[in-house]
Amino acid sequence: MQASTNISWYQAAVPAIAGLVGVLVGGWITTRNQKIERHHRRVREQLEGFYSVLLGMRSQIRAKSEVRVKLRNIAQRIQQEEFRQAQDNPQLRQNLSIRGPELQKLIDYDDRQLQEELVPQYREMLAHVTKNMWLAEPSTLEHYRTLVEFVEVWNRGLDKSIPSEVGFQLDHDENKLYPFYEDVRFQFNRLQGELAEANVLSRLARWARASIGRFQKGKARNPGESAGGSQSEQSP
């Protein structure tokens with residue numbers, strides 16, 4: 001009789017303990033999953049609303065600048081070769097004078113592109129950082145003053161409000177923005193990695209939560225299954 005009582009108590013206690021553990025684990029997983037989802041949203045906001053936009057602007061500026069340099073280098077090589085061949089050929093020298101305006105169009109286009117496209121894009125980049133500072137990492141904001149100075153010097157230069165003597169001493173060059181560009185690229189890659197990791201963890205958390213839910217539902221549908229089975233086995 002004593003043995004039967006002990007077995008009955010054990011059979012009743014095990015499902016209760018299992019259910020309690022399931023509730024505790026489920027609560028921990030839910031809390032953990034909520035933290036992951038909040039971090040997931042923050043990372044996505046930073047990627048979509050800040051770093052991907054800056055990286056896109058930087059990539060477009062760089063691509064256009066590379067095209068400009070490429071075309072100018074080709075034109076310079078052609079011009080140098082034509083000058084070399086024209087030294088002893090009057091007809092070629094005459095052709096060079098005709099081709100001069102054609103080469104000037106290349107320079108004129110570059111100047112217009114700088115004023116109408118590239119500098120406005122730098123301004124847009126600065127405005128984007130200023131408006132969305134809440135999405136920026138501290139390391140990115142360390143370069144804010146450099147970006148402001150770079151854009152401001154261009155604004156004053158295009159307005160012809162900087163004396164030439166002052167301009168020569170400014171050392172105004174896009175190289176100063178390279179640390180900023182590198183940080184934007186680094187943060188973009190890092191956040192992409194975190195977003196991918198967060199997606200995996202979120203799926204695992206949902207799977208674990210669903211598994212515990214199925215276990216608890218099974219116990220609720222068959223609360224006396226274990227006890228009934230054991231009692232049947234003890235019957236003569």
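Taken as a whole, the structure leaves GLU116 outside the set of residues that are under 30 Å from GLU197 (Cβ atoms) and either modelled with pLDDT under 65 or surrounded by fewer than 14 Cβ atoms within 10 Å (Cβ to Cβ) (or both).
Residue-by-condition table, conditions (1) of a type in the set (S, T, N, Q); (2) surrounded by fewer than 12 Cβ atoms within 10 Å (Cβ to Cβ):
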| site | (1), (2) |
| --- | --- |
| LEU126 | no, no |
| GLU142 | no, no |
| LEU147 | no, no |
| VAL153 | no, no |
| GLY157 | no, no |
| SER164 | yes, yes |
| PHE168 | no, yes |
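Please indicate, with yes or no, whether at least one residue in the stretch 148-162 is among the small types (Gly, Ala, Ser), modelled with pLDDT of 95 or more and either under 17 Å from the mean Cα position of the chain (by Cα) or part of a helix (DSSP H, G or I) (or both). Looking for residues that are among the small types (Gly, Ala, Ser), modelled with pLDDT of 95 or more and either under 17 Å from the mean Cα position of the chain (by Cα) or part of a helix (DSSP H, G or I) (or both), one finds none in the stretch 148-162, hence no.
Within the stretch 53-74, residues that are part of a helix (DSSP H, G or I) have Cβ atoms under 7 Å from residues that are of a type in the set (Val, Ile, Thr) and surrounded by 13 or more Cβ atoms within 10 Å (Cβ to Cβ) in these pairs: LEU54/VAL184; LEU55/VAL184; ARG58/VAL184, counting only partners at least 6 apart in sequence or on another chain.
The values are calculated or read from the model by the stated rules, or taken from the named source; none is laboratory data. All values reported here derive from a predicted model rather than from experimental measurement. All Cβ positions, glycine included, derive from the backbone under ideal geometry; neighbour counts span all protein chains shown.
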